[in-house]
Amino acid sequence: MNYEQIKTRLAPCGLHCGKCFAFVEGDIKVHSNRLKESLGDFDIYAERFVDLLNEPLFRKYSDFKGILTYFATVDCGGCRNENCKLFKDCKVRDCHENMGVDFCFQCPEFPCNSTGFDRHLHQRSVDINRRMKKIGVEKYYEEIKDKPRY
């Protein structure tokens, strides 16, 4: 994948949009839809399996189904196409546009405290951007493209 293609998958902060549960073309959404289809009308069976299998865990099926439905229906186009649907306080998208950079590490003010992220996410973004700066965006993407985001 070349640099321009990678930019469609990595947010300016460096997080992999393509692996986010909210990404419209992401693995989580695709697999969630497939699992929903495969389960069909499992609700009635979940109730029966509490007794048939002596497994009380099936009482929580409706909670599982709710999360699965959420994963299957959320539809973020990625941070470069719209405001982040996951981190409502994110300021990176506007900042990268204002500064004219593709990624935070390319900014002369990197690292800064203007991301709007909590402490954990801020540190993760800084670490990611330092890695991209060290080895290059393309090599970084090759390192992480098949790994889970979470």
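No lab work stands behind these numbers, since they all come straight from the coordinates. Worth saying up front: this structure is predicted, and the values here are computed from it rather than measured. FYI the Cβ positions are ideal-geometry reconstructions off the backbone, even for glycines, and counts take in every protein chain you see.
The figures follow:
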{"read-out": "Lys147 versus Tyr70: modelled label distance in nm, points set 7 Å from Cα along the beta carbon direction", "value": "2.6 nm"}
{"read-out": "Anchor Lys19: lysines whose Cα lies under 20 Å away (excluding residues fewer than 8 positions away in-chain)", "value": "Lys7, Lys29, Lys36, Lys85, Lys88, Lys139, Lys145, Lys147"}
{"read-out": "Local net charge near Leu57, Cβ-Cβ under 15 Å (Lys/Arg +1, Asp/Glu -1)", "value": "-1"}
{"read-out": "Amide H contacts under 5 Å for Cys76, placed H, 5+ residues apart", "value": "Phe23, Val24"}
{"read-out": "Reported label for calculated Kirkwood radius over Cα pairs in Å given (i) 17.7; (ii) 17.3; (iii) 16.1", "value": "(ii)"}
{"read-out": "Estimated FRET transfer efficiency (Arg130, Met99; beta-carbon r; R0 22 Å; 0.05)", "value": "0.80"}
{"read-out": "Rg/Rg_ref, region 25-74, where Rg_ref = 2.2 N^0.38 Å and atoms are Cα", "value": "1.24"}
{"read-out": "His120-Leu86 FRET efficiency (beta carbon distance; Förster radius 22 Å; 0.05 resolution)", "value": "0.95"}
{"read-out": "Approximate spin-label separation Tyr3-Asn54, in nm, with each point projected 7 Å along Cα-to-Cβ", "value": "6.4 nm"}
